[in-house]
Amino acid sequence: MRTAKPLLAALALGLAVTSVQAAEEVVVYSSRIDELIKPVFDAYTAKTGVKVKFITDKEAPLMQRIKAEGENTPADLLLTVDAGNLWQAEQMGILQPFDSPVLDRNIPPQYRSSTDSWTGLSLRARTIFYSTERVKPEELSTYEDLADPKWEGRLCLRTSKKVYNQSLTATLIETHGAQKAEEIVKGWVDNLATDVFADDTALLQAIDAGQCDVGVANTYYYGRLHKENPELRVKPFWPNQNDRGVHVNLSGIGLTRHAPHPEAAKQLVEWMTTEEAQRIFADLNQEYPANPGVKPSDEVAAWGSFKADSIPVEVAGKRQAEAIRLMDRVGWN
């Protein structure tokens, strides 16, 4: 019996040490490619000593994995792109809200969940791109104008299967109502120069090659392509500057419902909205910082400033199913 107390004490101490060690690691399930997030996490580890383990996959499998793991999930955070995906994760019940004065200060409310279940970290404009050889900027005006017959046989679009286009369509429904939005999107489909593209990079290359004259894509794809080819004969145009503004979406992060290390995870999220982390995001991927107090990279700033749509981005999720049905009806593949 004399040896029992020391043994129990040793076991208790061992458990305490294990608990402290566990709290020094945060696990992130991420749908972003490794090279875009590893430098951010490495910087946090260097600053705090907290290790960040991340597992990458497509957003749908990650969300299903968190749901299936339930209370046994090792994931503290879900990091993914597009408010539509984050809203879907919230509806699945795999995220939990958390209040944070830091997030309130750093990230505008339209880039956060109204229930505090997720926050934006970086922004991208889904804007109009045009051929500098065949289109004059003054010919362009709004997303809606791309449905005009003058663009017949001149427009390129990415597949409707991608959440980016679903979110853009969702904001059209929010702005104009379902009937008018359907007329606009049908006009886009009627004006297509070719079949839809699998990704934005191919779309931008098609404009450069003369396959079409105008298209809609995310700014960071243009940033990557322009960096590889400074002679690219394509430029961005900021539509709807006299009304609602440019459609902006985001990459964002949420705290999982059964996060093993919720406090450590919250601290990581808060740091990711600070100037230090926001600059890393912006410089790595030619994205816009979600924190308005942080300037974009010089390359991104060179594209010019614009007025962004003030519609809360969670609308992209709330109207996602409606948007998909609309796109199906007009034959947007």
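The values are calculated or read from the model by the stated rules, or taken from the named source; none is laboratory data. Everything quoted here is computed from the prediction, not taken from an experiment. No Cβ is skipped: glycine too gets one built from the backbone with ideal geometry, and neighbour counts run over all protein chains shown.
Structure notes:
- Once the range 169-202 is narrowed to residues that are under 21 Å from the mean Cα position of the chain (by Cα) and acidic (Asp, Glu), the residue that is nearest to Ser131 (Cα to Cα) is Asp200.
- Criterion violated by Glu139 - all others in (1) loosely packed, with under 14 Cβ neighbours inside 10 Å; (2) free of Cβ contacts under 8 Å to residues at least 40 places away in the same chain satisfied: (1)
- Pairs meeting the criteria (first residue in the range 193-221 and small (Gly, Ala, Ser), second residue crowded, with 19+ Cβ neighbours inside 10 Å and in a loop (DSSP other than H, G, I, E, B), beta carbons under 6 Å, at least 6 apart or on different chains) are Ala193/Arg154; Ala193/Cys212; Ala206/Cys212.
To keep it simple, each residue is scored yes or no on (1) part of a helix (DSSP H, G or I); (2) in contact with a strand residue (DSSP E or B) (Cβ under 9 Å, 6 or more places away or on another chain).
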| residue | (1), (2) |
| --- | --- |
| Thr194 | no, yes |
| Tyr221 | yes, yes |
| Lys227 | yes, no |
| Leu232 | no, no |
| Asp243 | no, no |
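- Being under 20 Å from Ser117 (Cβ atoms) and of a type in the set (A, V, I, L, M, F, W, C) is true of Leu78.
- Residues in the range 100-120 that are in a loop (DSSP other than H, G, I, E, B), crowded, with 21+ Cβ neighbours inside 10 Å and among the small types (Gly, Ala, Ser): 2 in all.
- In the range 260-292, the residues that are of a type outside the set (Ser, Thr, Tyr), part of a loop (DSSP other than H, G, I, E, B) and either over 19 Å from the mean Cα position of the chain (by Cα) or under 30 Å from Glu24 (Cβ atoms) (or both): Pro260, His261, Glu287, Ala290, Asn291
- Unmet requirement for Leu172, which otherwise passes all of (1) at pLDDT 95 or above; (2) surrounded by fewer than 18 Cβ atoms within 10 Å (Cβ to Cβ); (3) in a helix (DSSP H, G or I); (4) not aromatic (Phe, Trp, Tyr): (2)
- Subset of the range 79-99 [outside any loop (DSSP other than H, G, I, E, B) and out of contact with any Ser or Thr (no Cβ under 6 Å at 6 or more places or on another chain)]: Ala83, Asn85, Leu86, Trp87, Gln88, Ala89, Gln91
- For Lys53, the criteria (1) touching a residue at least 60 places away in the same chain (Cβ under 8 Å); (2) over 19 Å from the mean Cα position of the chain (by Cα) hold in every case but one, which is (1).
- Taken over the range 311-326, the criterion of being assigned to a helix (DSSP H, G or I) and of a type in the set (A, V, I, L, M, F, W, C) is satisfied by Val315, Ala316, Ala321, Ala323, Ile324, Leu326.
- Filtered residue count, the range 313-326, keeping only those that are surrounded by 19 or more Cβ atoms within 10 Å (Cβ to Cβ), within 16 Å of His176 (Cα to Cα) and of a type outside the set (A, V, I, L, M): 2
- Exclusive hit being in contact with a Pro (Cβ under 8 Å, 6 or more places away or on another chain) and at pLDDT 95 or above, set Val246, Val269, Val234: Val246
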